[in-house]
Every structure is written in structure tokens, then in C-alpha cells.
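One structure is given below, encoded as C-alpha cells.
The values are calculated or read from the model by the stated rules, or taken from the named source; none is laboratory data. Since we're looking at a predicted model, the values are computed, not measured. Protein only, heavy atoms only, side chains kept; ligands, DNA and RNA dropped before computing areas. Shrake-Rupley method; radii C 1.70, N 1.55, O 1.52, S 1.80 Å.
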Amino acid sequence: MSQFRYQPTHDLLCFSLHRLVLSSNGIRTIPNLKLHPSPIENVKQLALSANQLAVWQDVDRLAQWCPRLETLSLAGNPLTEDSEFARYSRQLVIAKIPSLLVLDATAKSSGNKAGQRVRDNSSYLVHSLP
């Protein structure tokens, strides 16, 4: 599976779904959300580790799909492992998804001033990323 296969329809709303595991599925991109509300808007835990996500726009789209996301696993994706910004990937993901409490099994630090700086400058960073 290289991309989520999603057909917009109100029949697919999954209001009771809170945990979604999509690790190791070969996912290459997160599509734009075309239906509001999101059918997975109540997902709080999402595992996307060991896929092929490689662009920061996918993280932006995750925030649209899962606005209540608290726990996310992205380890093993080119985005977090191979890009020139890999060493900043944790701070960038936290800045792009402010609702996150846990990223890759590590709690977000509540007093992280560096994370706040990244959030303040995230629009600049997004435009600078490949």
C-alpha cells in the first residue's frame, strides 16, 4: 500500500476509533483530507513506523486527519531517519502537531524552550524543507 485508500463518505466515520496501527504498510504519503469532519478525527494513538513517509507535508496532513492525536510513532520513515533535517525531526513533528504528548515512545518535554522556538519558526522551516 503506497497511499491511504480513502473514499470520502459519511458511512466511514469511525468516531469510536482511538488507536490505529498502520506500521510497516509501505505508506508513502498522507493524502489531503477531502471530507470534514475527518473519519478518524478521534484517533489519539497512531502508529506509522517503518513506512516510506519522506516529506514534511505528510506530518501537516496528519494534524488535519487526526486533530486529537496524542501519541504518534514515526520511527523508521525516511522523514525521520534519512533527511537532512533528521536530527531536528522530533522538534519539527512536535511543532507541527501541538496536541502530541508522546512521539516515538518518548514523552514530550513540557519545558522544552527549543521546541517552542521551532514552533515559532515552523513556517520558515516548512518552506526550507525539500
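Key figures for this structure:
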| item | result |
| --- | --- |
| All positions within segment 59-88 that are open to solvent by less than 10 Å² (accessible area, probe 1.4 Å) and farther than 20 Å from residue 18 by Cα | 77, 79 |
| Test: residue in segment 106-128 that is in a loop (DSSP other than H, G, I, E, B), at pLDDT 90 or above and within 15 Å of the chain's Cα centre (by Cα) | no |
| Residue in segment 65-75 that is among the polar types (S, T, N, Q) and part of a loop (DSSP other than H, G, I, E, B) present | no |
